[in-house]
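No lab work stands behind these numbers, since they all come straight from the coordinates. Note that this is a predicted model, so its numbers are computed, not measured. Cβ atoms come from the backbone with ideal geometry, glycine included; neighbour counts cover every protein chain shown.
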Amino acid sequence: MNTWKEGWRQTRVEAMQRDYLPGWYATRGRRRLIASAVVVSLALLWADVAVSWNGVPGDGADLTDFTLLALSMVIYFPAVSLLNVATRGVVELAERDLDERQVGERLRAVAIAHRVTLGILVAVFVTAIVLGMSQGRDYSVPGDAFLALILALGLTHFVLPLVVSGWRLADPPGDDA
């Protein structure tokens, strides 16, 4: 019996096996360029956090926030889509849809990404503590900054394994014929 859930899973597996714009991610250098674009989009989100944290309402900070967020998303969505196809869904697909090599690659990518995410969380924690201590008891994190921080942390945590996987992916062996 084919349920909608099984149909959706099969559609995703097939989509990851199609070559969309293969020239864009055919070599390791190009995949690393795409992974770097994802990192740039994440950096723009983190810059948005800093602007939100330090911005004074009414001084153009809202326009800067929106511009950084929009630019980040314009880069983020196409780059993440290309990385998913380039890695054949190593991070995206369910484990039962992957072979042993892909499962091993996913585990390595997730382990590296979690170490990086832990470093980011420690840096955010230390920054919040230092700012809180230096500003006195009345200091609080602005609501806009808190929302931007949650978005940046969530997307960073979500996409970092894909970035690591795309960065590490080796070129396929060449034809010997």
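Some points to look at:
- Of all residues making up the range 51-68, the number that are surrounded by fewer than 15 Cβ atoms within 10 Å (Cβ to Cβ) and either within 19 Å of Val124 (Cβ to Cβ) or under 14 Å from the mean Cα position of the chain (by Cα) (or both): 1
- Selection count, the range 116-166, where residues are exposed (fewer than 12 other Cβ atoms within 10 Å of the Cβ) and under 30 Å from Arg28 (Cα atoms): 3
- Filtering the range 36-73 to residues that are closer than 28 Å to Arg168 by Cα and free of Cβ contacts under 8 Å to residues at least 12 places away in the same chain leaves Ser36, Ala43.
- Criterion: more than 15 Å from Val38 (Cα to Cα) and part of a helix (DSSP H, G or I) - qualifying residue of Asp138, Asp144: Asp144
- Residue check, Arg115 closer than 20 Å to Glu92 by Cα, in a helix (DSSP H, G or I) and in contact (Cβ under 8 Å) with a residue 40 or more places away in the chain: no
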